[in-house]
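The values are calculated or read from the model by the stated rules, or taken from the named source; none is laboratory data. Quick caveat, the model's predicted, so the values are computed rather than measured. In this analysis, Cβ positions are derived from the backbone assuming ideal geometry, glycine residues included, and neighbour counts consider all displayed protein chains. Each accessible area value is taken on the protein alone, full model and side chains, heavy atoms only, with ligands, DNA and RNA left out. Shrake-Rupley method; radii C 1.70, N 1.55, O 1.52, S 1.80 Å.
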Amino acid sequence: PPGEERQVSFTVTTPLLAEAEQAIVEVPWSRMSPRPAAAEVSVDVDVPWEVRSAIAPGFEMDEEREGEGELGLGWESGGEWTPDTNFRLYLSGGEGLIDTRLLPYRERDDDGYFSLLFAPVVELDESVARDVVVVLDRSGSMEGDKMEQAISAAEYVLDNLGSDDRFGVVDFSRYVRAFEDELRPAGAAADGIDYVRDLAAGGNTNISGALDRALAYLDDERPGTLVFLTDGLATVGIESAEGILELAERSAPEGTQVFAFGVGYDVDTVLLDALAAEFNGSSHYVTPEQRIDTEVARLWERVSTPVLADVEIDIEGVDTWDLAPAELPGIFAGNQVLLAGRYDGTGEATVTVMGQSAAGPEEFVYDVYFPERDEDDPTVAQMWAQRYVADLLTELRIEGVRESLVEEIVEVANQFGIVTPYTAYLAEEPDMDRFFAADGARLVADEAIEAAQELAAAPASGEDAVGRAKAVDDLRGEGLVANSVTTTEVVGSHTYYFVEGTWTRDDYEADTDAPEVEVGSPEFLELIAEAPELADAAALGERVVTEGPDGWITIVWPDVTD
């Protein structure tokens, strides 16, 4: 009856595609129901080889490892979820310190998309020795639970150092203090923990002084890592984000990495994002309902055991561009690393991974194959788009508004249906005629530039600023950002917009001839035989404007009342 809920369970039996130390599990649920629902996936893996990487493009999986070949994986949707993408899980093993897998996607007559998955060993006997400095804000606003949690977070980092690591602790309010004048070996971590436990909050916020003191510990001989925790804006010393960043750039040795944590809403999100981007780390925002120590521990679990530092990637044999991220932050034991990008060309290629291991400089060379056409997993293209747009948004926040940068964000976001502050119309149900008009692209770009200029003038701190920063970080995750918009659908590497009863592909230009082809007609069957991907576009609705092998067409369904 209307308004009642029903729970449906189904079993899918599917071949397990396996080759050497790699397996692919697929649940083809994308055509089972077009209605919003809720879903859960649980996967128990037990194989006789070391599972180094487990990734389901489009689905951010929780992982619990029980052994080298034993792990549990889980995913849960929100309440309003539509199964428009198949669940496809890649399990990979490997040999040596690092192995790699290529996930390609390429449609007919288009440049391709790819993800390179770097799979390091699960457990490592000897990690890269590095210098770790914890920088801890003890200004007056940290008093209470925040200070207690920050102390707990620092304890976790110090208690989980590598055996050959060295560490330092810098704490600051108006004045900057330090545990010791020199870095201490990991064996002295208990003394550092005792020091941290005695810290008390009070005073103003001298961020520039703290960073200057912390960076002075580091040198060019060993990789350096800063874990920086703060809950406020600079009120002592250099106060501008530009000035603090310039100081850090002057003081930091090559290879320095910064993991920045902003606690609460009164933080300078532009500064923290800039530090993370400049020093090849990451920025994280801990909102009042979250625990600082939990968020720091979650990060440190991923980066506590470096397999390879100062990583560089070289790809020869095909043309690649628009890589995301532009630089890899490092490769850590038990944690896969994904590099996404675009490619042109086809055939054999060579991927060379270079970096600093515990034994010294290392170079790993892998042979991969970039196909002329591969449409098995369109989420590979969507993952690239999200990561690339996230990088562009970060660049825009840090460096300011550039018209070309805004236009590039809008172009990629429109193609893949990604809602950004500059494509907010995707989250509405507007009259999209202007989008496909002759000057529609220019109108959209102009509006986006105006929005970018308004946001550039907005405060870098506050709840809205933190929300924007967290939204950008969500785009970098393994899961696809949910699209709750009823007027857009992504098929392959293109978004279709529902305008006046017709689904229209993002790159269609108004007034371009698009003759009708009826589903089921001989002409349609010939098209499907030549371009099978048109079946997915045709499934969107009664009228679909898309591109066929010989130009634009309008796919129409026959009138069932005739």
Boolean, A214 is over 17 Å from S304 (Cα atoms) and modelled with pLDDT of 95 or more | yes
Take A234 and decide whether it is in contact (Cβ under 8 Å) with a residue 60 or more places away in the chain and either part of a helix (DSSP H, G or I) or of a type in the set (A, V, I, L, M, F, W, C) (or both).
-> no
So V286, is it buried (at least 22 other Cβ atoms within 10 Å of the Cβ) and touching a residue at least 12 places away in the same chain (Cβ under 8 Å) | yes
Taking interchain pairs and intrachain pairs at least six residues apart, which have beta carbon atoms under 9 angstrom, with the first residue in region 299-325 and small (G, A, S) and the second open to solvent by less than 20 Å² (accessible area, probe 1.4 Å) and assigned to a loop (DSSP other than H, G, I, E, B)?
-> S304/G162; S304/A333; A309/V128; A309/R130; A309/G330
Are any residues in region 514-533 open to solvent by less than 40 Å² (accessible area, probe 1.4 Å), assigned to a loop (DSSP other than H, G, I, E, B) and free of Cβ contacts under 8 Å to residues at least 40 places away in the same chain, and if so, which ones?
-> V519, S521
All but one of (1) open to solvent by 80 Å² or more (accessible area, probe 1.4 Å); (2) modelled with pLDDT of 85 or more hold for G462; which doesn't?
-> (1)
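Which members of region 534-556 meet the condition of being assigned to a loop (DSSP other than H, G, I, E, B) and either open to solvent by less than 90 Å² (accessible area, probe 1.4 Å) or more than 12 Å from T502 (Cβ to Cβ) (or both)?
To start, the set of residues in region 534-556 that are assigned to a loop (DSSP other than H, G, I, E, B) comprises 539-542, 549-550.
Scanning region 534-556 gives A539, L540, G541, P549, D550.
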On the given criteria, is D293 over 30 Å from A358 (Cα atoms) and among the charged types (D, E, K, R)?
-> no
State which residue pairs qualify: first residue farther than 20 Å from A390 by Cβ and inside region 449-475, second residue assigned to a helix (DSSP H, G or I) and modelled with pLDDT of 85 or more in any location, beta carbons under 7 Å apart, and separation of 6 or more residues or different chains.
-> P459/A465; S461/T269
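Can you report the number of residues in region 135-165 which are assigned to a loop (DSSP other than H, G, I, E, B) and open to solvent by less than 40 Å² (accessible area, probe 1.4 Å)? Give the steps one after another, and end with the answer.
Looking only at region 135-165, we keep the residues that are assigned to a loop (DSSP other than H, G, I, E, B), and these are 138-139, 143-144, 160-165.
Restricting the remaining residues to those that are open to solvent by less than 40 Å² (accessible area, probe 1.4 Å) gives 138-139, 144, 161-162, 165.
Of the residues in region 135-165, 6 are assigned to a loop (DSSP other than H, G, I, E, B) and open to solvent by less than 40 Å² (accessible area, probe 1.4 Å).
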Expected output for region 249-266 (first residue closer than 16 Å to I207 by Cα, partner assigned to a loop (DSSP other than H, G, I, E, B) and of a type in the set (K, R), Cβ below 8 Å, 6+ apart or cross-chain) is none
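Does V236 satisfy being surrounded by fewer than 21 Cβ atoms within 10 Å (Cβ to Cβ) and not acidic (D, E)? Break it down into steps so the answer makes sense when it comes.
Numbers: surrounded by fewer than 21 Cβ atoms within 10 Å (Cβ to Cβ): yes; not acidic (D, E): yes.
Yes, satisfied.
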Can you find even one residue in region 266-278 that is open to solvent by less than 10 Å² (accessible area, probe 1.4 Å), over 17 Å from the mean Cα position of the chain (by Cα) and hydroxyl-bearing (S, T, Y)?
-> yes
Residues of region 297-350 satisfying the condition of being open to solvent by less than 20 Å² (accessible area, probe 1.4 Å) and among the hydroxyl-bearing types (S, T, Y) = Y343
Which is among the small types (G, A, S), at pLDDT 85 or above and more than 18 Å from V419 (Cβ to Cβ), of G501, G541, G551?
-> G551
Out of curiosity, is G345 touching a Gly at 6+ places or on another chain (Cβ under 9 Å) and small (G, A, S)?
-> yes
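Quickly run through region 166-184 and pick out the residues that are of a type in the set (D, E) and open to solvent by 10 Å² or more (accessible area, probe 1.4 Å). Walk me through it before giving the result.
Residues of region 166-184 of a type in the set (D, E): 171, 180-182.
The answer is E180, D181, E182.
Yes/no per residue for (1) closer than 29 Å to Y285 by Cα; (2) modelled with pLDDT of 90 or more:
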{"residue": "D99", "(1), (2)": "no, no"}
{"residue": "Y113", "(1), (2)": "no, yes"}
{"residue": "L116", "(1), (2)": "yes, yes"}
{"residue": "V121", "(1), (2)": "no, no"}
{"residue": "R130", "(1), (2)": "yes, yes"}
{"residue": "V135", "(1), (2)": "yes, yes"}
{"residue": "G140", "(1), (2)": "yes, yes"}
{"residue": "F167", "(1), (2)": "yes, yes"}
Counting only strands (runs of 3 or more DSSP E) entirely within region 49-129, those with at least 2 residues that are open to solvent by 50 Å² or more (accessible area, probe 1.4 Å) are 62-65, 70-76
